[in-house]
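The values are calculated or read from the model by the stated rules, or taken from the named source; none is laboratory data. This structure is a prediction, so every number in the text was calculated from the model and none was measured. All Cβ positions, glycine included, derive from the backbone under ideal geometry; neighbour counts span all protein chains shown. For accessibility, only protein heavy atoms count, side chains too; no ligands or nucleic acids. Shrake-Rupley method; radii C 1.70, N 1.55, O 1.52, S 1.80 Å.
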Amino acid sequence: MTEGRFPAPLRVGLLVNPVAGMGGAVGLKGTDGDSVLAEARARGAVPRAQARARRALEELRPLADRILLLCGPGPMGEDLAREMGFSVQPLFPAPDRPTRGEDTARGAALLEDAGTSLVLFAGGDGTARDVAGALGIRIPAVGIPAGVKIHSAVFATDPASAGRLAASFLEGKARQERELEVMDLDEEAYRQGRVSARLFGFLRVPYQRGRVQGLKSGTPASDRAQQAALAQGFLEIRDPKRLTLVGPGTTPRAVLDELGLEGTLLGVDALLEDRLLARDLNERDLLDLLDRHPRTLALVTPIGGQGFLFGRGNLQFSQAVLRRLGRRDILPVATPGKLQSLGGVLRLDTGDEEVDRMLSGPWRVLTGFREWAMVRAVL
């Protein structure tokens, strides 16, 4: 190296969708659109994307003196990065209105011309769509999972893994890259219980096994008969006088189907004495029910093809709700085919390390009629 000269800083993009994930705990299943965001705030929703992005950036602290973060303005990354002591350059002036997807797309487009080595973005599938629409596969990118709907394969398994993957890539250790799918749902159909996902593009993602989540998958027809048998197995062992919280997914809903009850595919329903006590509950509803029903069981399944027991698609089971329930009052259910596709492992990403630790370790999972499996949940 020539005396008196230093290597140029690594230019890393950071885009945070500050409203991502706000609709989950309050039962809105997304925050796309100004009206839905307003409803989420009216229901008491609180931001979560900043905390998720912070956890990822903590993994980059050892490289802070070598990194220049090219950030979305204000709450889109700049404020957080400055607070954490990184060198920061905002991409454009902060808008005088709440941020929108067009701001994410604008920032992503500017990153391409700024000599960016890697883009980190915090949000959900809508944010991934905005980034992919502007960048395509021209710059490597890693998603920090912070949204409600996370069907895309471009996200790390959790925020810390996003930061570790980014650090490995910047240090030249993560040499493998994959072009991975960006998927998104029709939110209005999603709120009505219909899953309508389609492919919107691809991002080029640094890859390390165990740090990048898989693409969510639908339920194969062969699993439906197994789900019915599993539902019959649950109905045989359950106490009908104990309140049951039936979580999202086709497997828990099979219990309601067996009873001839119309539940919600993507919400949380309450079952008591063979009748539907309440449908599509949010976090506040669940906490109120737990106050009135100390004997409560949560029936949950790993969501999609990614294996998350909590933290994807069921944010109604918030940190507060999970603390109240505890391990004893949670029953995971999954067909043998689903468990096999997940590699026999469940994942956790509640956003609270203490809650994740409480829920980690071996679980007895109901897999069929009088059939069980021992499966480990990992962080």
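Values for this structure:
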read-out	value
Unmet requirement for residue 320, which otherwise passes all of (1) surrounded by fewer than 22 Cβ atoms within 10 Å (Cβ to Cβ); (2) out of contact with any helix residue (DSSP H, G or I) (no Cβ under 7 Å at 6 or more places or on another chain); (3) more than 18 Å from residue 159 (Cβ to Cβ)	(2)
Condition broken by residue 261, with the remaining ones in (1) touching a helix residue (DSSP H, G or I) at 6+ places or on another chain (Cβ under 8 Å); (2) open to solvent by 20 Å² or more (accessible area, probe 1.4 Å); (3) more than 18 Å from residue 312 (Cβ to Cβ) satisfied	(1)
Qualifying positions in the stretch 356-375 - aliphatic (A, V, I, L, M), open to solvent by 10 Å² or more (accessible area, probe 1.4 Å) and assigned to a helix (DSSP H, G or I)	358
Output for the stretch 298-310, where each listed residue is outside any strand (DSSP E or B), open to solvent by less than 20 Å² (accessible area, probe 1.4 Å) and among the small types (Gly, Ala, Ser)	304, 307
Residue that is least open to solvent (accessible area, probe 1.4 Å) [pool: residues in the stretch 198-233 that are modelled with pLDDT under 70 and more than 16 Å from the chain's Cα centre (by Cα)]	219
Counted residues, the stretch 71-85 - those being surrounded by 24 or more Cβ atoms within 10 Å (Cβ to Cβ), out of contact with any helix residue (DSSP H, G or I) (no Cβ under 6 Å at 6 or more places or on another chain) and part of a helix (DSSP H, G or I)	2
Residue tally, condition more than 13 Å from residue 297 (Cα to Cα) and either of a type in the set (Lys, Arg) or assigned to a loop (DSSP other than H, G, I, E, B) (or both), over the stretch 311-322	7
Conditions (1) closer than 17 Å to residue 163 by Cβ; (2) surrounded by fewer than 16 Cβ atoms within 10 Å (Cβ to Cβ); (3) out of contact with any helix residue (DSSP H, G or I) (no Cβ under 9 Å at 6 or more places or on another chain): number failed by residue 62	(3)
